[in-house]
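Below is one structure, written out as C-alpha cells; comments come after it.
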There are 2 protein chains.
Amino acid sequence: MTDAQQFISQIREDREHGASELARTCLDALAKHAGSIEVTSNEALRQQLIGFAQELQSARPTMAAITNLIGEWIAAVERLPGGNVSTLRDDIKSISTTLILASENAASSAAAHAAELVGTGKTVITHSLSSTVVAVFECLVGNVKAIVTESRPPSEGRRLAAKLSELGIETDFISDQQMGLFARRADVALVGADTIAGDGSVINKAGTYLLALAARDQGIPFYVCSESFKRSDHSSVGIVLESHDPAEFNPPRLAHVKSHNVYFDITPPHLVTAWITEHGRQHLDDLTTG
Amino acid sequence: MTDAQQFISQIREDREHGASELARTCLDALAKHAGSIEVTSNEALRQQLIGFAQELQSARPTMAAITNLIGEWIAAVERLPGGNVSTLRDDIKSISTTLILASENAASSAAAHAAELVGTGKTVITHSLSSTVVAVFECLVGNVKAIVTESRPPSEGRRLAAKLSELGIETDFISDQQMGLFARRADVALVGADTIAGDGSVINKAGTYLLALAARDQGIPFYVCSESFKRSDHSSVGIVLESHDPAEFNPPRLAHVKSHNVYFDITPPHLVTAWITEHGRQHLDDLTTG
C-alpha cells in the first residue's frame with residue numbers, strides 16, 4: 001500500500017476528528033505529497049495529485065467540508081500554469097496552505113459569531129465533539145457552563161469534557177439518553193455539523209436530531225455553528241449517512257437480531273433556530289439559495 | 001441485617017426488572033415473610049409486616065406500581081379481622097396472591113389491548129425493557145418486527161433483544177443515539193411505564209422522552225402500555241426521578257466535570273398518542289380524573 005493509500009484509509013477509519021479538522025488534515029497531506037512525490041513531468045505531478053485528491057473526496061461522503069475544500073483545491077491546481085516541476089510543487093503547497101488558513105479563519109469567525117449569539121452567563125448543551133464548538137466555548141470562558149453528552153460510539157464527548165475541564169468550564173457530563181432531561185437545564189443547544197445539506201438540514205453525529213427535538217420541546221434555541229465550507233448542494237435525501245461496524249458498541253449476537261451503527265443523523269431545518277457561519281447568523285434562504 | 005432489610009436493599013439496587021415485576025416480587029416477599037416471621041401475637045404480626053411493607057413502598061419512589069400495590073396490600077391487611085396467628089398468616093398470604101394475580105391479569109389485558117391497537121404487519125420501536133411490552137410482542141408473534149434500543153445503563157435492551165430473538169421476531173438493535181434515525185423506519189413507538197403521573201405524564205427509563213419526540217416528528221403514534229396500578233396521584237412535578245451511581249457508564253473523572261446518571265425521564269402528555277391499560281385505550285380525562 002502506498003503512503004497515499006494508507007492516508008486515505010486512515011481518513012476513512014478516523015473516529016477522532018470532526019469534519020473541519022479532517023478536511024484540513026487532507027489539505028496538509030496533499031501539500032506534503034506535492035513536495036515528496038517522484039514524477040518526471042509537470043502533468044504527471046498534477047494528475048497524480050488530483051487523483052489522490054479525488055480519492056480523498058470520496059473517502060468520507062457524509063462530510064461536505066472534505067468534498068468542498070478539496071474541490072476548491074483541485075480547481076485551483078487545475079488553473080495553475082505549467083512552469084517547471086519545482087515551481088509547480090511550491091504553488092500546489094501554497095494552495096493547500098491558503099485553503100487551510102481560509103478554513104481555520106472561517107471556523108474562528110463562525111465561533112465568534114456563535115459566542116456573541118449565545119451570550120454570557122448561559123448553560124450550553126452540546127452533542128458530539130466539534131472543534132468549532134470548542135472554539136465557541138473558548139470565546140466564552142469564565143462566562144459559560146456546559147452540559148456534554150457521552151456521544152457513543154466512540155464517546156467523543158469524553159474528549160470534549162476533558163477539553164472543557166482544561167479550560168476550567170463547569171461541565172455536567174451525561175450519557176446520551178439523559179439528553180432530554182438535561183435540555184431543560186440548559187439555556188441553549190449548540191452543535192457543529194458534518195454537512196449542511198442543500199435544504200438546510202444538518203448532518204451531524206447520531207443523536208443530534210434528538211437534541212434538536214428536545215430543545216424545541218423545552219423552548220430553548222438550537223444553534224448550528226459551522227464554516228460555510230460545510231454546505232452541500234445535495235438535499236438531505238441525497239446524502240449518504242455513514243455506517244460503521246456495530247461491534248463498536250458491542251451489541252448482542254442473536255439469531256433474529258441485526259445490529260446497526262449509523263454514525264450520523266439528519267436534523268431537519270424546521271428544528272434549527274439558527275445556522276451560524278463565518279458570515280454570521282444565516283437565514284434558511286441564505287443557505288438554500290447561496 | 002435482617003432478611004427483610006436485605007430484601008429492601010435488593011429491591012432498591014435492582015436494575016434488572018421493570019416496575020410491574022418488582023411490585024409482584026415485593027408482594028411475594030410479604031407473603032413469604034408472613035409465613036416465616038416469629039411473633040407472639042396477632043397485632044405484632046400485622047404491625048411488623050406493615051412496617052416492612054411501608055419500607056418497601058419507599059424503596060423505589062419512581063415506581064408507582066410498588067407504592068400502589070403495596071398500598072392496597074396494607075389496606076387489606078389492616079381490614080383483616082383478629083383471628084389466631086395462623087389464620088392471619090394465611091389470610092395475609094392470600095391477599096398477596098390475589099394482588100399478584102390482579103396485577104398479572106391487568107398487565108396481560110393491557111398488552112392484549114395494545115396488540116390490537118398496534119395491529120399486524122407493523123414495525124414497533126421500543127425503549128427499555130417492559131414485561132408488558134414483551135407481552136404485546138408475544139400477542140403479535142409472526143406479525144410484527146421490532147426495533148430495540150440498547151437502553152443504557154445497564155443496557156436492558158440487550159435482554160429484550162434476547163427475548164424477542166427467542167420468539168423468532170425479526171429485530172433491529174440500535175444504540176440509544178440512533179433512536180431518531182430509526183423512528184422513521186417504524187410504524188409505531190410503544191413503551192411501558194414505571195409510573196403514569198397524575199397529569200398523564202409518563203415516567204419511564206431515560207430516553208423514553210426522546211423516543212416520544214422522535215415519534216411525533218416522524219408522524220408515528222407513541223403508545224404507552226401499562227396496568228392502571230402504575231397511576232400516581234402526584235403530578236409529574238412531585239415525582240422523584242431516581243439517580244444512580246454514574247460509575248455505571250464509566251464517565252471521565254475530571255476537575256470541573258460532574259457526571260449524572262438519572263435513570264428516568266418524564267414524557268409529557270402532549271407527546272402521548274394513547275395510554276393503554278387493562279381498561280383499553282384511555283383518554284387523558286380518564287387518567288387525570290381517576
Using a 7 Å offset from the Cα along the Cα-to-Cβ direction at both A:V240 and B:S86, what is the distance between the two label points in nm, to one decimal? 7.9 nm
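What value, in deg cm²/dmol to 500, does the helix sum -39500 (n - 2.57) over DSSP H runs of n ≥ 4 give at 222 nm once divided by the residues of the protein assembly as shown? If you can, show how the numbers build up before the last one.
On the way: 20 runs with 273 residues, N = 580.
Estimated from H runs of four or more residues: -15000 deg cm²/dmol.
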Over the whole of B:261-273, what's the average partner chain Cβ count within 10 Å per residue? Rounded to a whole number, please. 2
Rounded, prolate or oblate: which one fits segment B:28-117, using the alpha carbon gyration tensor with axes a ≥ b ≥ c (rounded when a/c is under 1.5, else prolate when a/b beats b/c, else oblate)? prolate
Describe numerically, in nm with one decimal, the distance between label points set 7 Å from Cα along Cα→Cβ at A:E43 and at B:Q54. 9.5 nm
Between A:A206 and residues 5 or more places away or on another chain, which pairs have amide H atoms under 5 Å apart, with H built 1.01 Å from N, and which residues are they? A:F264, A:D265
Where in segment B:94-136 does the amide nitrogen come within less than 13 Å of the point 7 Å from the Cα of B:D28, taken along Cα to Cβ? B:97, B:100-101, B:104
Per-residue mean of C-beta atoms belonging to partner chains within 10 Å, peptide A:159-166: 3
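Compute the projected area of the convex hull of the Cα atoms of the protein assembly as shown, averaged over all viewing directions, and report it in nm² to one decimal place.
Working: hull surface 120.2 nm².
Answer in nm², one decimal: 30.0.
Can you give the charge dipole size of segment A:3-106 about its Cα centre, rounded to the nearest 20 debye, using +1 on the beta carbon of Lys and Arg and -1 on the beta carbon of Asp and Glu?
On the way: 9 positive and 14 negative charges, 19 e Å.
Using Cβ point charges on Lys, Arg, Asp and Glu, segment A:3-106 gives about 100 debye.
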homo-copy label distances at A:H17 (7 angstrom along Cα-Cβ), nm, one dp, ascending, are 5.2
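Given a Förster distance of 41 angstrom, what is the FRET efficiency for B:R12 paired with A:E16, based on the Cβ-Cβ distance and rounded to 0.05? Mind dumping the intermediate values first?
Working: r = 40 Å, r/R0 = 0.97.
E(calc), rounded to 0.05, equals 0.55.
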Charged-residue dipole, Cβ positions (Lys, Arg, Asp, Glu), segment B:226-290 about Cα centre, Debye nearest 20: 260 debye
Placing +1 on each Lys and Arg Cβ and -1 on each Asp and Glu Cβ in segment A:1-123, then taking the dipole about the Cα centre, the residue among A:A65, A:L22, A:T123 whose Cα reaches farthest towards the positive end is A:T123
Given +1 on the Cβ of Lys and Arg, -1 on the Cβ of Asp and Glu, and no further charges, what dipole in debye does segment A:33-166 carry about its Cα centre, rounded to the nearest 20? 440 debye
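Excluding A:A135 itself, calculate the net charge of residues whose Cβ lies under 11 Å from the Cβ of A:A135, where each Lys or Arg counts +1 and each Asp or Glu counts -1. Please list the in-between numbers first.
Values: positive: A:K163; negative: A:E104, A:E138, A:E227.
Net local charge, A:A135 excluded: -2.
Assign one of three labels to segment B:125-279, namely rounded, prolate or oblate, based on the Cα gyration tensor with a ≥ b ≥ c the square roots of its eigenvalues; rounded applies when a/c is under 1.5, prolate when it is not and a/b is larger than b/c, and oblate otherwise. Mind showing how you got there, number by number?
Working: a/c = 1.67, a/b = 1.18, b/c = 1.42.
It comes out oblate by the Cα gyration axes.
Using a 10 Å cut-off around each Cβ of peptide A:247-254, what is the average number of partner chain Cβ atoms that fall inside?
6
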Inter-copy spacing of A:L101 label points, which lie 7 Å from Cα along Cα→Cβ, given in nm from shortest upward: 8.5
Which distances, shortest first and in nm, link A:Q54 to the matching position in the other copies, using label points set 7 Å out along Cα to C-beta? 8.1
Work out which helices of chain A, taken as complete DSSP H runs, extend at least 27 Å along their axis over the Cα atoms and score a mean Kyte-Doolittle of -1.0 or more, then list them. A:85-118
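Read the figures in this text as sums done on the coordinates, not as results from a lab. The model shown is predicted, which means the values in this text are computed figures rather than measured ones. Using ideal geometry, Cβ is built from the backbone for each residue, glycine included, and neighbour counts are taken over all protein chains shown.
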